[in-house]
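K.L.:
Before we start, here is the structure in question, set down as structure tokens.
Bear in mind these aren't lab numbers, they're just calculated from the coordinates by the rules spelled out. All of these numbers come straight from a predicted model, not from anything done at the bench. Don't worry about glycine lacking a Cβ; one is built from the backbone with ideal geometry, like all the others, and counts go over all protein chains shown.
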Amino acid sequence: MATEQPKDTSSVHGTSELIEILKENDKSKVHINSSIEIKALFFARARDLTGLSKTSIEMPEGSTAGDCMSKLLTKFPNLEEISNSMILALSEKYALESTVLKNTDELAIIPPISGG
């Protein structure tokens, strides 16, 4: 039984032509950036500063709670007032800023609470 030999394509296309074809094929690829939808919930002073109890925000896939918070601070600069003392909760559990978000997560912005 004879083994099949690779076909020689050099007679059909020269090396430089093949490189150009590969470059063109690469340019035609569509790059889709996946995004996720996060619901941000504002409580107490955070609600006062934003004027909202909740909002939806689109984030790139792989974003962290900290990334989302940065985007919220850009959208609602008044939140800067409490940014050093607020706590984040992700889907009803306390979360670090390094926690990676998933689509449809709820990120709660909890300001410092005082009372007696």
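K.L.:
Whole-Hz ³J(HN,Hα) for each residue in segment 38-53, computed from phi via Karplus 6.51 cos²θ - 1.76 cosθ + 1.60 with θ = phi - 60°, x for glycine and proline: what do you get?
P.N.:
10, 9, 9, 10, 10, 10, 6, 4, 4, 5, 4, 6, 9, x, 10, 9
K.L.:
Check which residues have an amide H placed less than 5 Å from LYS54's amide H, if you skip close sequence neighbours.
P.N.:
Result for LYS54 returns PHE42.
K.L.:
Along segment 66-72, what does the Karplus equation 6.51 cos²θ - 1.76 cosθ + 1.60 (θ = phi - 60°) give for ³J(HN,Hα), rounded to whole Hz, x for Gly and Pro?
P.N.:
Running phi through 6.51 cos²θ - 1.76 cosθ + 1.60 with θ = phi - 60° gives x, 4, 5, 4, 4, 5, 5 Hz.
K.L.:
Taking amide H positions as placed in the peptide plane 1.01 Å from N, state which residues far from ASP105 in sequence (5 or more) or on other chains have amide H under 5 Å from it.
P.N.:
Long-range HN contacts for ASP105: LYS39.
K.L.:
Give me the one-decimal nm value for the distance between modelled label points at GLU80 and TYR94, 7 Å along each residue's Cα-to-Cβ direction.
P.N.:
2.8
K.L.:
Using only alpha carbons, build the gyration tensor for segment 35-110 and give me the equivalent ellipsoid semi-axes, biggest first, whole Å.
P.N.:
With the √(5λ) rule applied to segment 35-110, the semi-axes are 18, 12, 11 Å.
K.L.:
Explain nothing, just compute: Karplus ³J(HN,Hα) = 6.51 cos²θ - 1.76 cosθ + 1.60, θ = phi - 60°, for every residue of segment 75-92 in order, whole Hz, x for Gly and Pro.
P.N.:
Taking θ as phi minus 60°, the curve returns 6, 10, x, 5, 5, 4, 3, 10, 4, 7, 10, 8, 10, 9, 10, 10, 6, 6 Hz for segment 75-92.
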